[in-house]
1. Can we say A245 is among the hydrophobic types (A, V, I, L, M, F, W, C), under 19 Å from H124 (Cα atoms) and outside any loop (DSSP other than H, G, I, E, B)?
2. So which residues in the range 191-220 are of a type in the set (S, T, N, Q) and touching a Phe, Trp or Tyr at 6+ places or on another chain (Cβ under 6 Å)?
3. Restricting to the range 87-122, count the residues that are touching a strand residue (DSSP E or B) at 6+ places or on another chain (Cβ under 9 Å), among the basic types (K, R) and surrounded by fewer than 12 Cβ atoms within 10 Å (Cβ to Cβ).
4. Quick one: G9 ticks every box in (1) in contact with a strand residue (DSSP E or B) (Cβ under 8 Å, 6 or more places away or on another chain); (2) more than 16 Å from L184 (Cβ to Cβ); (3) at pLDDT 95 or above bar one, so which box is it?
5. Do the conditions hold for I84, that is, is it touching a strand residue (DSSP E or B) at 6+ places or on another chain (Cβ under 8 Å) and among the aliphatic types (A, V, I, L, M)?
6. Taking the range 1-55 as the region of interest, how many residues are assigned to a loop (DSSP other than H, G, I, E, B) and touching a helix residue (DSSP H, G or I) at 6+ places or on another chain (Cβ under 8 Å)?
7. For S68, are the conditions met, namely being farther than 27 Å from F234 by Cα and polar (S, T, N, Q)?
8. For F230, work out the one condition from (1) touching a residue at least 60 places away in the same chain (Cβ under 8 Å); (2) within 14 Å of E117 (Cβ to Cβ); (3) outside any loop (DSSP other than H, G, I, E, B) it doesn't fulfil.
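The values are calculated or read from the model by the stated rules, or taken from the named source; none is laboratory data. The structure displayed is predicted, hence computed values, not measured ones. Here the Cβ positions follow ideal geometry from the backbone for every residue, glycine too, while neighbour counts run over all protein chains shown.
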Amino acid sequence: MNLPDFASGYWPLVLTVSFFTVITLRYFLVAGIFYLIFYSWFRKKYEAKKINKKSYKPGQFKKEIKYSLISSIIFAMAGVATVILWQKGDTKVYTKIDLFGWWYLPVSLLIYMLLQETYYYWIHRWMHIPVVYKIVHKIHHDSHIASPFTAFSFHPLEALLQAVFLPVLLIFIPIHYFIIIILLVLMTFSSVINHLDIEIYPKKSFNSWGKWVIGATHHAQHHKYFKYNFGLYFTFWDRIEKTEAVKTPNNKG
């Protein structure tokens with residue numbers, strides 16, 4: 001099958017619109033479902049489990065959605081750049097599983113997540129330098145109490161910092177295209193769960209695997225105290241750098 005040259009003519013625009021549509025639908029679908037479950041359909045059941053008892057600021061959701069749409073445009077442009085790089089043979093993305101074997105699929109996912117964790121932790125620390133924070137990161141923290149819609153609510157510069165990582169990594173480390181899709185879906189679910197302001201992980205897990213995985217309680221403390229809990233998926237960098245606040249549903253810092 002001969003594909004068109006995605007770098008020429010109207011194809012970059014077509015791809016941008018297509019990626020934007022998919023990313024936006026993914027955002028609204030995941031954030032919307034979590035909002036409906038925890039804040040509408042079963043609100044009474046989960047109201048007592050809400051981490052912050054204060055109400056959301058008027059207009060917060062509208063602002064979050066606006067910036068999330070802007071972020072989605074930037075993410076879409078990164079997707080277009082990735083496709084063009086792939087078509088030119090400049091990435092390590094592959095389509096035949098036999099090339100590296102089945103065992104490499106979960107290994108590559110873990111490698112990408114660990115490298116993304118490392119990248120995000122350190123740029124997140126950097127974004128909290130006061131002069132940088134005011135320009136790049138304040139928009140995200142304007143949501144003092146996070147919501148599912150906070151997940152993609154970034155200043156365009158912050159969205160760009162997040163968007164460039166994956167295309168660059170694809171140049172160097174082999175990954176199956178299906179694992180890329182899984183990674184993107186995991187990123188969305190993780191971000192929505194972390195900003196849910198309701199802890200969905202079992203209390204017992206905080207004595208085992210839960211202490212290594214970031215959830216709503218962990219990230220809510222970051223939005224509250226600013227100087228703790230900078231991780232994305234995992235807590236190991238916070239533990240190594242001693243930037244982790246206490247993280248259990250019973251002790252919220």
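1. On the way: among the hydrophobic types (A, V, I, L, M, F, W, C): yes; under 19 Å from H124 (Cα atoms): yes; outside any loop (DSSP other than H, G, I, E, B): no.
Criteria not met by A245.
2. From the range 191-220, those of a type in the set (S, T, N, Q) are 191, 194, 205, 207-208, 217; that's our starting set.
None - no residue of the range 191-220 is of a type in the set (S, T, N, Q) and touching a Phe, Trp or Tyr at 6+ places or on another chain (Cβ under 6 Å), so the list stays empty.
3. Number satisfying all stated conditions: 1.
4. (1)
5. Values: touching a strand residue (DSSP E or B) at 6+ places or on another chain (Cβ under 8 Å): no; among the aliphatic types (A, V, I, L, M): yes.
Criteria not met by I84.
6. Filtering the range 1-55 for residues assigned to a loop (DSSP other than H, G, I, E, B) gives 1-10, 42, 51-55.
This time we only want the ones that are touching a helix residue (DSSP H, G or I) at 6+ places or on another chain (Cβ under 8 Å), so: 3-7, 51-52.
The total comes to 7.
7. On the way: farther than 27 Å from F234 by Cα: no; polar (S, T, N, Q): yes.
Spelling it out, it is not the case that S68 is farther than 27 Å from F234 by Cα and polar (S, T, N, Q).
8. So F230 meets the others, but not (3).
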